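Only one structure is covered here, and it is reproduced in the block below.
The values are calculated or read from the model by the stated rules, or taken from the named source; none is laboratory data. Quick caveat, the model's predicted, so the values are computed rather than measured. Here the Cβ is made from the backbone with ideal geometry for all residues, glycine too, and neighbour counts use every protein chain on show. Ligands, DNA and RNA are stripped out before the accessible areas are found, and what is left, the full protein with its side chains, is counted by its heavy atoms. Shrake-Rupley method; radii C 1.70, N 1.55, O 1.52, S 1.80 Å.
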Amino acid sequence: MENPMNNPELKEGEMTKKIEDMTAQLPSKFFLCTAVGLMAGSAILKCTGHKHWALFVGQWVSPILLMGIYNKIVKTSGHD
């Protein structure tokens, strides 16, 4: 079985390259501060009795941190 990582026919699309170029301009600190802000916002909403909104806002923390990790990988490894 051929390793798909070594296949030159598998290239990123133009849209993906544009998104990676745009997000690579954002500092990694942006994603971390956004995630911490969302955690604080979720805690405030929970304390003020807005349980459902607190859960909704709190669920955004993980995707934001994952975007930050992806951003870091793109910056250090680059894309094809």
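Structure notes:
- Spin-label model, MET15/ALA43: points 7 Å from Cα along the beta carbon direction are separated by 3.8 nm.
- Ranking MET39, MET15 by solvent-accessible area of protein heavy atoms (1.4 Å probe, all protein chains present), from largest to smallest, gives MET15, MET39.
- Where labels lie 7 Å past Cα in the beta-carbon direction, separation of LYS51 and THR76 in nm: 4.1
- Calculated SAXS-style log₁₀ I(q)/I(0) at q = 0.16 Å⁻¹ - the range 28-80, Debye, Cα scatterers: -0.50
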